[in-house]
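A.B. asks: Could you have a look at this structure, given as structure tokens, before my questions?
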Amino acid sequence: MIERTLVLLKPDAVSRGLMGRIIQRFEDAGLKIVGAKMVWIDKEFAKKHYFDVAERRGEKVLAALLNMITEGPVLAMVIEGVFAVEVVRKIVGGTEPKTAVPGTIRGDFAHHSYAYTDSKGIAIKNLVHASGKKEEADYEIKLWFKDNELHSYKTVHEIHTY
Ligand code: GDP
Ligand code: MG
């Protein structure tokens, strides 16, 4: 039940100075950051990360997304915890900030809608990427991190409660 999931603080989160406040939300929930680094990726790498977006969301969304994710550095993290994949997605909120519920990162820190961003030909700026399911997480963690960039240690929650 202990899972690892990939989280990216996208260029909009980095440039808006929201890294600390977003990371805080994961730490507040007792989740553990087991890897972290800032990376400025190119489109080749971005295509590997978003390999299934064209078939799920269409070529136009993929093209906009490749521009957005390469416009500045991202903070890449691997987050560990009980059912971490599902829990992190819950904390992040729905894909469209307009309808993402308050209390979630996307609902609290952004408000863009699909209608607006599609009309402008840009990707929806929703601050965070988080793996959608376990298999996606396994693929993405391997893509972004080497084994020796991931760390095992105990948080105070583990020391006190297990
Ligand atoms: P996520 O798992 O919630 O991030 O959503 P997806 O994996 O389906 O899509 C990847 C990213 O593409 C999203 O986080 C958005 O930044 C962007 N995106 C997805 N769908 C749309 C869309 O319909 N319009 C626009 N403009 N951007 C989209
Ligand atoms: Mg996704």
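The values are calculated or read from the model by the stated rules, or taken from the named source; none is laboratory data. Just so it is clear, the model here is predicted, and its values are computed rather than measured. With ideal geometry, Cβ positions are generated from the backbone for all residues, glycine too; neighbour counts draw on all protein chains shown. Note: accessible area is taken over every heavy atom of the protein model, side chains too, but ligands, DNA and RNA are not part of it. Shrake-Rupley method; radii C 1.70, N 1.55, O 1.52, S 1.80 Å.
A.B. asks: Under the Karplus relation 6.51 cos²θ - 1.76 cosθ + 1.60, θ = phi - 60°, what is the ordered set of whole-Hz ³J(HN,Hα) values for segment 98-108, x standing for Gly and Pro?
C.D. replies: Going residue by residue, I get 3, 10, 5, 6, x, x, 8, 4, 5, x, 8 Hz, with x marking Gly and Pro.
A.B. asks: Related question: How much of the accessible area of the chain, probe 1.4 Å, is carbon plus sulfur, in whole percent? Kindly include the intermediate steps, with their values, before the conclusion.
C.D. replies: Numbers: 4920 of 8960 Å².
With neighbouring chains kept in place, the figure for the chain is 55 percent.
A.B. asks: If you don't mind, there's one more thing I want to ask. Along the charge dipole of segment 2-161, pointing to its positive end and built from +1/-1 on Cβ of Lys, Arg, Asp and Glu, which listed residue (45, 131, 24) has its Cα farthest out?
C.D. replies: Farthest along the dipole direction, towards plus: 24.
A.B. asks: Between the helical axis of 59-69 and the dominant principal axis of the chain, each derived from Cα atoms, what acute angle in degrees is found, rounded to the nearest 10?
C.D. replies: With both axes taken from Cα atoms, the answer is about 60 degrees.
A.B. asks: What is the sum of charges around residue 144, taking Lys and Arg as +1, Asp and Glu as -1, for the other residues whose C-beta is under 15 Å from the C-beta of residue 144? List each step's numbers first, then the result.
C.D. replies: Details: positive: 4, 10, 37, 47, 48, 142, 146; negative: 42, 44, 80, 136, 138, 140, 147, 149.
Here the count lands on -1.
A.B. asks: For the chain, give the magnitude of the charge dipole about the Cα centre (Cβ charges: +1 Lys/Arg, -1 Asp/Glu; no others), in debye to the nearest 20.
C.D. replies: Working: 24 positive and 22 negative charges, 63 e Å.
With only Lys, Arg, Asp and Glu charged at Cβ, the dipole is about 300 debye.
A.B. asks: Next up: Ignoring ligands, DNA and RNA, what accessible area per residue does segment 2-161 give at 1.4 Å, in Å²? Can you show the working numbers first?
C.D. replies: Values: 8600 Å² over 160 residues.
On a per-residue basis, 54 Å².
A.B. asks: Using only the Cα atoms, work out Rg/Rh for segment 102-146, with Rh taken as the Kirkwood radius, to two decimals. Provide the component values of the computation, followed by the final result.
C.D. replies: Working: Rg = 13.9 Å, Rh = 12.6 Å.
In segment 102-146, Rg relative to Rh is 1.10.
A.B. asks: Sticking with this one: Computed over the Cα atoms of segment 35-112, what is the ratio Rg over Rh, Rh following Kirkwood?
C.D. replies: Values: Rg = 14.0 Å, Rh = 14.2 Å.
For segment 35-112, the value is 0.99.
A.B. asks: Now for a separate question. Which entries of 60/98; 120/146; 98/142; 43/133; 47/154; 125/154 show an alpha-carbon separation above 29 angstrom in the structure shown? Mind dumping the intermediate values first?
C.D. replies: On the way: 60/98 20 Å; 120/146 37 Å; 98/142 32 Å; 43/133 23 Å; 47/154 35 Å; 125/154 34 Å.
From the list (60/98; 120/146; 98/142; 43/133; 47/154; 125/154), the Cα-Cα distance tops 29 Å for 120/146; 98/142; 47/154; 125/154.
A.B. asks: Then there's this: Under the classification rounded if a/c is under 1.5, otherwise prolate if a/b is larger than b/c and oblate if not, where does segment 1-51 fall, given a ≥ b ≥ c as square roots of the Cα gyration tensor eigenvalues? Numbers along the way, then the final one.
C.D. replies: Details: a/c = 2.71, a/b = 1.31, b/c = 2.06.
Since a/c reaches 1.5 but b/c is at least a/b, the shape of segment 1-51 is classed as oblate.
A.B. asks: Size of the dipole of segment 81-138 about the Cα centre, Lys and Arg at +1 and Asp and Glu at -1 on the beta carbon, nothing else charged, in debye to 20? Could the numbers behind the result be given before it?
C.D. replies: On the way: 8 positive and 7 negative charges, 32 e Å.
Approximately 160 debye in magnitude.
A.B. asks: Once amide H atoms are built 1.01 Å from N in the peptide plane, which residues 5 or more positions from residue 36, or in another chain, come under 5 Å H to H?
C.D. replies: Those qualifying (amide H under 5 Å, at least 5 residues apart or on another chain) are 78.
A.B. asks: What figure, in Å² to the nearest 10, do you get for the accessible area of residue 2 with a 1.4 Å probe and non-protein molecules left out?
C.D. replies: 110 Å²
A.B. asks: While we're on this one: Would you please state the base-10 log of I(q)/I(0) at q = 0.10, 0.14, 0.17 1/Å for the chain, with intensities from the Debye formula using one equal scatterer on every alpha carbon?
C.D. replies: -0.35, -0.70, -1.04
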